[in-house]
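Worksheet for the structure shown next.
The values are calculated or read from the model by the stated rules, or taken from the named source; none is laboratory data. Keep in mind that what you see is a predicted model, and the values were worked out from it rather than measured. Note that each Cβ is placed from the backbone with ideal geometry, even for glycine, and that neighbours are counted across all protein chains shown. These accessible areas exclude ligands, DNA and RNA; they are computed on the full protein's heavy atoms, side chains included. Shrake-Rupley method; radii C 1.70, N 1.55, O 1.52, S 1.80 Å.
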Amino acid sequence: MAAVRPWDAFTAAAADVRAMVADPRWDALPMPGRAHVLAARILVTADGDRWLYGAHARWHLYDPADGSWHAAPPPRGVKARRVEHPAAVLPERVIPAGADFTAEPGSTQAFVGPDVPAALTEQVRVLLRASGRKQETDFPLTAFDEIFASDVPSTVAAIWGTIMWCAYAPAFDGNERLITIFGEYLRRPLPGDEWVRWLPAPPLLDLVTLVAERLRAGRSRAATRLAALMADTAQLLLSDTRFRPRALALLTMVEPALRRPGLDDQAALDGDERLRQDWLARCPARLRRALLAETDPESHFSHAVYDLAETLSFAPDPPHATATFLADLSDSKGRLPERLDQRTRQAYLELERDGLTSTSARDATEPDGFESRPPAAERTGGAVAARERVAEVAPPDRAGSAAVLGAAYATALAWGRLTGAKLPERGLAAQTALVRRLIEQRDDHGHHTEHH
């Protein structure tokens, strides 16, 4: 007889709210009514924490200090009971809209661990080989010029940009075949350490610019070709959950222009940003969580921290484990703690008191643009501390390590998008320490054979 899973209050409450939101009557329910039924389903744990399953199908933790709600995964295996809570004080942002509950979760795994499947890489390679034969005079490089040589056509950039924009966390194994196929087009070696390429996540505006420039130049067929390449690449990427949510969103933005020639002409004349806004407006509500990096960097960072905390749920103290990776973010203005739930905030502040936060601040640059590095002893000490911190929260297996690494890097990118903080090319200390654990766990230190 199969074992029966013990009843869990959080699981039951989440299922209850999901059923309500899925009910067609939810859309017609006014906001006060929604708040009322949600307030009746708030849980409280023995330590007094209050939890609400709300917007984006995520849990929110109440902070009694200021009455705010922070997105945060609930504790595992903890008893909870329902409690009365004033419906009037629930902010609209934590109340489900409906479509936000249908978002695809995707995968937090970085491309360090399981490679991109060989079949997908081969399909992209075939697409790239044909695109690389185009003339740069017909397809000038109006974006991604820091990545590619000046004689590379923008058709290549369109494929690259789509891959990087759709990736949950573009941290790739240095031996990753999907990156290697672009080698002949690169302007310079990709940033990273000896094993991982820590690649930037391009804004949607870079993809838009490739198309808009051709439209303004009166080269509508070339613009359509670039948009079609983005759509073709996104279509291929749907098979990998690390790309799928954003790939779906990009398809909904690009395909209307392929079906209706001339749709984007006027917007392109008005400027790249106007066309970007038109693309964003085409994305249906059910896919818009994938666009938060573009539309709401604050919420995007909050979701990234939530993902990171979920990947660390195996840890004895998940808030402390989450703070361990957040500690690497550069936060000279002290803006990070207020964006964290009180459990993670407390753990972060404890690290701060020990001088273990803002470790990436050492990668600041001098006014003349040359990198300012601390003494070797200080760098070594920081690396040792990072390895010790990561050892405390070591994932149980390679897949778990890859998931944590992806979520941690996505959080760092989200923080950079929100604050302008720059990431060091060789990665943040705790992430780099985790990479070293991944290397040790590999069978061959070469190509992966496992897929997820």
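Between 37, 17, which is closer than 14 Å to residue 87 by Cα and open to solvent by less than 60 Å² (accessible area, probe 1.4 Å)?
Checking each option against the conditions leaves just 37.
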Inset, instruction - Provide a single number: the residues in the range 178-211 that are farther than 17 Å from residue 116 by Cβ and without any contact (Cβ under 8 Å) to a residue 60 or more places away in the chain. - result: 8
Legend entry - Residue check, residue 96 touching a residue at least 24 places away in the same chain (Cβ under 8 Å), open to solvent by less than 50 Å² (accessible area, probe 1.4 Å), assigned to a loop (DSSP other than H, G, I, E, B) and over 16 Å from residue 16 (Cβ atoms): no
Legend entry - Subset of the range 417-428 [open to solvent by less than 20 Å² (accessible area, probe 1.4 Å) and at pLDDT 90 or above]: 428
Legend entry - Options 219, 246, 214: the member that is buried (at least 24 other Cβ atoms within 10 Å of the Cβ), farther than 30 Å from residue 429 by Cα and touching a residue at least 60 places away in the same chain (Cβ under 8 Å): 214
Legend entry - Filter result for residue 237 (of a type in the set (A, V, I, L, M, F, W, C), in contact (Cβ under 8 Å) with a residue 24 or more places away in the chain, in contact with a Phe, Trp or Tyr (Cβ under 6 Å, 6 or more places away or on another chain) and closer than 30 Å to residue 426 by Cβ): yes
Legend entry - Every residue from the range 84-109 that is touching a strand residue (DSSP E or B) at 6+ places or on another chain (Cβ under 7 Å) and at pLDDT 90 or above: 91, 94, 95, 96
Legend entry - Set 197, 242, 187: member being of a type in the set (Lys, Arg) and over 20 Å from the mean Cα position of the chain (by Cα): 187
Legend entry - Among residues of the range 102-143, those that are open to solvent by 20 Å² or more (accessible area, probe 1.4 Å) and not in a loop (DSSP other than H, G, I, E, B), counted: 10
Inset, instruction - For residue 233, state whether it is outside any loop (DSSP other than H, G, I, E, B), more than 24 Å from residue 104 (Cβ to Cβ) and either open to solvent by less than 60 Å² (accessible area, probe 1.4 Å) or of a type in the set (S, T, N, Q) (or both). - result: no
Legend entry - Residue count, the range 272-287 (criterion: closer than 12 Å to residue 249 by Cα and crowded, with 19+ Cβ neighbours inside 10 Å): 3
Legend entry - Positions within the range 336-366 being at pLDDT below 95 and part of a loop (DSSP other than H, G, I, E, B), in sequence order: 354, 355, 356, 357, 358, 364, 366
Inset, instruction - Examine the range 190-202 for a residue that is open to solvent by 30 Å² or more (accessible area, probe 1.4 Å), part of a helix (DSSP H, G or I) and not aliphatic (A, V, I, L, M), and state whether such a residue exists. - result: no
